[in-house]
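Each remark here refers to the structure printed beneath this line.
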Amino acid sequence: GENVEQHPSTLSVQEGDSAVIKCTYSDSASNYFPWYKQELGKRPQLIIDIRSNVGEKKDQRIAVTLNKTAKHFSLHITETQPEDSAVYFCAALSNTGNQFYFGTGTSLTVIP
Amino acid sequence: GAGVSQSPSNKVTEKGKDVELRCDPISGHTALYWYRQSLGQGLEFLIYFQGNSAPDKSGLPSDRFSAERTGGSVSTLTIQRTQQEDSAVYLCASSTWGDTQYFGPGTRLTVL
């Protein structure tokens, strides 16, 4: 089955700096990679996703890159703001089923 | 449209009692997932329903846990003879095939 690893587990950045979170996956059949943001006491919410037919996707200050050969994908947040502070989860979905495999999460703190 | 809903939002029970948690997925979503999230931890997969196929129960932690999905829509997660270690937030999510999951607000279970 699929195994998703996520690093780092915690990340602190100064407001305005960039933050990068990396995930690796093991199943080459995985073809969809969403990222979720979970604020304290709230449900996980999708912030950006990428499919395996593209290498990069950007939405304002958030971008995701995918390297299928190396089986890793990364979340990039630029010009970080205090409201970006949350736990971020990556996930991978295999095209052989509809089961999502989640990383263990990254707790991001943006210091004002 | 309406998102995923869960009830109750909070449940306090005594050790040894049975509890039922309910999930109403987004209309038309064929896949339904249950996860458990302990405080400060990641998403622990419990069970997954896809259409009329047999559910994937591989994440259920013990035979005290069971779930059903009636009519391909509403799902109920049942925990029998609750233990203190069952205390957590139980999250439900739904999706269409090959697309992102949408999470419900969760049920916070406290076992005294």
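Conditions (1) over 23 Å from B:TYR102 (Cβ atoms); (2) among the acidic types (Asp, Glu); (3) at pLDDT 95 or above, marked per residue:
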| residue | (1), (2), (3) |
| --- | --- |
| A:GLU2 | no, yes, no |
| A:GLY16 | yes, no, yes |
| A:LYS22 | yes, no, yes |
| A:SER30 | no, no, no |
| A:ILE77 | no, no, yes |
| A:GLU83 | no, yes, yes |
| A:LEU108 | no, no, yes |
| A:ILE111 | yes, no, yes |
Checklist outcome for this item: Among (1) modelled with pLDDT of 95 or more; (2) in contact with a Phe, Trp or Tyr (Cβ under 7 Å, 6 or more places away or on another chain), B:PRO55 falls short only on (1)
Item to check | Residue count, region A:53-66 (criterion: open to solvent by 60 Å² or more (accessible area, probe 1.4 Å) and outside any loop (DSSP other than H, G, I, E, B)) | outcome: 4
Checklist entry - Does region A:63-75 contain at least one residue that is of a type in the set (S, T, N, Q) and in contact (Cβ under 8 Å) with a residue 60 or more places away in the chain? => result no
Checklist entry - For B:PHE45, which of the numbered conditions (1) within 11 Å of chain A (Cβ to nearest Cβ); (2) open to solvent by less than 20 Å² (accessible area, probe 1.4 Å); (3) assigned to a strand (DSSP E or B) fails to hold? => result (2)
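Just to be sure, is B:LYS15 open to solvent by 40 Å² or more (accessible area, probe 1.4 Å) and not in a loop (DSSP other than H, G, I, E, B)? Walk me through how you get there before you give the answer.
Numbers: open to solvent by 40 Å² or more (accessible area, probe 1.4 Å): yes; not in a loop (DSSP other than H, G, I, E, B): no.
The answer is no for B:LYS15.
Would you check which residues across region B:22-37 are open to solvent by 50 Å² or more (accessible area, probe 1.4 Å) and either assigned to a loop (DSSP other than H, G, I, E, B) or more than 13 Å from B:THR76 (Cα to Cα) (or both) and list them?
Filtering region B:22-37 for residues open to solvent by 50 Å² or more (accessible area, probe 1.4 Å) gives B:22, B:27-28, B:30.
Across region B:22-37, the qualifying residues are B:SER27, B:GLY28, B:THR30.
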Item to check | Residues of region A:86-107 satisfying the condition of being open to solvent by less than 40 Å² (accessible area, probe 1.4 Å) and either polar (S, T, N, Q) or away from every other protein chain (no Cβ under 14 Å) (or both) | outcome: A:SER94, A:ASN98, A:GLN99, A:THR106
Next on the checklist: Looking for something away from chain A (no Cβ under 11 Å), touching a Ser or Thr at 6+ places or on another chain (Cβ under 9 Å), aliphatic (A, V, I, L, M) and in a strand (DSSP E or B) - is there at least one such residue anywhere in region B:91-107?
Outcome noted: no
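Could you list, in sequence order, all residues of region A:43-58 that are charged (D, E, K, R) and within 14 Å of chain B (Cβ to nearest Cβ)? Before the answer, list the steps.
Taking region A:43-58 and keeping what is charged (D, E, K, R), we get A:43, A:49, A:51, A:56-58.
Across region A:43-58, the qualifying residues are A:ARG43, A:ASP49, A:ARG51, A:LYS57.
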Next on the checklist: Looking for something assigned to a loop (DSSP other than H, G, I, E, B), surrounded by 13 or more Cβ atoms within 10 Å (Cβ to Cβ) and among the small types (Gly, Ala, Ser) - is there at least one such residue anywhere in region A:42-52?
Outcome noted: yes
Checklist outcome for this item: Conditions (1) part of a strand (DSSP E or B); (2) farther than 18 Å from A:GLY105 by Cα; (3) among the hydroxyl-bearing types (Ser, Thr, Tyr) -> A:TYR36 fails only (2)
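The values are calculated or read from the model by the stated rules, or taken from the named source; none is laboratory data. Since this is a predicted model, take the numbers as computed values, not measurements. As a convention, Cβ positions derive from the backbone with ideal geometry for all residues, glycine included, and neighbour counts pool all protein chains shown. What goes into the accessible areas is simple: the full protein's heavy atoms, side chains included, and nothing from ligands, DNA or RNA. Shrake-Rupley method; radii C 1.70, N 1.55, O 1.52, S 1.80 Å.
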